[in-house]
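The values are calculated or read from the model by the stated rules, or taken from the named source; none is laboratory data. Since the structure is predicted, the reported quantities are computational estimates derived from the model, not experimental observations. Quick reminder, even Gly has a Cβ in these numbers, built from the backbone with ideal geometry, and neighbours come from all protein chains shown. For the accessible areas, the whole protein counts, side chains as well, though only heavy atoms, and no ligand, DNA or RNA atoms are used. Shrake-Rupley method; radii C 1.70, N 1.55, O 1.52, S 1.80 Å.
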Amino acid sequence: MSALLRQIPTNIPQDLRKIRIENSHLTELPRGSFENVSALEYLWLNFNNITVMHIKSLEHLPTLKELRLQGNKLSSVPWTAFQDTPALKILDLKHNRLDVLPEHALRYLPNLTYLDLSSNQLTVISRDVFYNWPVYQRSQRAEGQIEAISNAVLALHDNPWICDCRLRGFVQFIKSVGPPIILMNSYLTCSSPKFRAGKFFHEVELNSCMKPLTSALDTNLTVPVGLNVTLTCFVQASPSPAIWWTYALKLLRAFNVSTEHVSEETIRSELLIPSARPADAGNYTCTAANFLGNASVAITLHVGAPWASTTSPDWAPIAPAETGAHVEVRIAKQTVYGITLEWFAVAAAAEPGETWYTLLVGRYDAAQKDAIYIGPGVNTYSVTDLLPATKYEVCVAVRNQAPRKGQCVIFVTGSDVSQLEQREKLIHIVVIVCAMVLAVPAGMYACTAEARPGCLARCAGACPRRRRGGQAQAAGSKESTLDSLPAGSEDGLCRPEGGRSARRPPVCEDPGKTRPPHRNSADLY
């Protein structure tokens, strides 16, 4: 008891009939653990850390009558191992982690009088597990006969049973079982689904399993620009299926989707599209799947003319702006693959935990940008998979408002993707606007959309001209200059003439230096 044993001792006397090793540190039962103790009848190994039991761990134990493995960490048991213990009468496996009971698990336990599987992780098992049990089969054959059959106690309580169609046969077995099989606790309880949680087996009626059937009240919708749209599909299935929505073969974000049970076997799934735009038009597919199969229904959405005229399809308000609603945006992280935006609402009309955001992403000169709807509680987004030598704009707005000043970020990707990670050779800093200096990887520059006319020219004019001979000295300080600047610095670097900046002036290329063969990204401005 409480010994620091980490394995079964090898010097156990051969004539022992009872072994009890509890509260120790055993982690496995290897092959032939007790092969030298063939007279063993009682084996108690409770409250150890046994996680593995070899299929031949019980060989050479023909007289074993009692095996107790309570309070270990077994997630499975090699049930065929009990072929070596034909005399076994008591098997205690409570307080383990068993989650599966195979159909033929009890086939090799013909003489059991006590089986305890309580307090495990069993969720769904077949009634065939018990129909194949020799003890049950004998009781059925002896029904109505005078022949006496010993009782068998069965403990199955305190497991997280999922009471859906898959458990139907087992529930029927529990309701009908009687002597010689005696349930230690006949009040088995459902843990899920939610509408059955806490109910006893004898209180529920389970239907047969059914492959999903999907339908929609309207499969062709036309809405005006700016209107919130909810697409709805109904699913009949048992057990409850997994449901998801796709658009152009892309999985839509889960926080735009809600599901609820209309009845025991019917689920309503809704996809919310806030502030519909022309880019949202297309086919939306609602798919449901369970272990019997899957089904889907497609809903076609057309986005027509807006309720009221707007000056620009992308940037004008498509609904009255909320008073005081504003979003502060900053670049939280930069990599060679893109940027990560972070934002927070200032004086928003709704609580922050209830505020939706619209993210507009696309090329700077694109007439239409992709709209991404960000649900409540999310305030970061990474822009990746970008094309080289391309100018991009990303804006964040509250709900369906037009982006305001300071809510956009403009950045340019480098023209040579293969060189982006060669930091020690290619890193340099370019000040695009006065309001922000970004320590970005080679060839990538970023700025806010608040650039003031003439600011860039003044910054460029402040850069000292360097002679070709001074290139080497400046090159040695480039990396340290970059690393010393925080991402998204908000400190203004342009000052009126005569003013001084506390930071190192931006590095400029010598006008006389030969331009590289590839296009300079800054020219895109």
Among A276, T189, T219 the positive-end extreme of the charge dipole of the stretch 179-288 (Cβ point charges): A276
Return the distance in nm (one decimal) between the two label points of a simple spin-label model at S208 and E260, each offset 7 Å from Cα along Cα→Cβ. 3.2 nm
Going by amide H atoms built from the backbone, whose H comes under 5 Å of the H on K333, apart from near neighbours? T340
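Can you flag which of K94/K211; K18/K56; K18/K94; K73/K175; K250/K369 are past 23 Å Cα-Cα?
Values: K94/K211 35 Å; K18/K56 20 Å; K18/K94 20 Å; K73/K175 30 Å; K250/K369 17 Å.
Cα-Cα > 23 Å for K94/K211; K73/K175; rest within.
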Could you please state how large a percent of the accessible area of the stretch 27-130 is carbon and sulfur, counting protein chains only and using a 1.4 Å probe? 48 percent
Table column - 3J(HN,Hα) (Hz), the stretch 154-159, Karplus curve with 6.51, -1.76, 1.60, x for Gly and Pro: 10, 10, 10, 6, 6, 10
In whole Hz, what ³J(HN,Hα) sequence does the stretch 179-192 give by Karplus (6.51, -1.76, 1.60; θ = phi - 60°), x for Gly and Pro? x, x, 8, 10, 7, 4, 9, 7, 8, 6, 10, 6, 9, 7
Suppose all protein chains stay in the model; what accessible area per residue would a 1.4 Å probe give for the stretch 210-304, in Å²? 48 Å²
Rolling a 1.4 angstrom probe over the protein heavy atoms, how many square angstrom per residue are accessible across the stretch 29-147? 43 Å²
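If you place +1 on the Cβ of every Lys and Arg and -1 on the Cβ of every Asp and Glu, how big does the dipole about the Cα centre of the stretch 99-164 come out, in debye to the nearest 20? Intermediate values should be presented prior to the final figure.
Numbers: 4 positive and 8 negative charges, 52 e Å.
The dipole magnitude comes to about 260 debye.
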Any residue on another chain or 5+ positions along whose placed amide H is under 5 Å from the amide H of N49 is listed here as L26
Distribution of pairwise C-alpha distances over the stretch 210-304, 10 Å bins, in %: 18, 50, 26, 7, 0
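Can you tell me how the stretch 1-144 classifies by the Cα gyration tensor, rounded, prolate or oblate, using a/c under 1.5 as the rounded cut?
Details: a/c = 2.20, a/b = 1.43, b/c = 1.54.
It comes out oblate by the Cα gyration axes.
Using a 1.4 angstrom probe on heavy atoms only, work out the carbon and sulfur share of the accessible area of the stretch 178-313 in %. Before the final figure, lay out each step's value.
Details: 4020 of 7280 Å².
With neighbouring chains kept in place, the figure for the stretch 178-313 is 55 percent.
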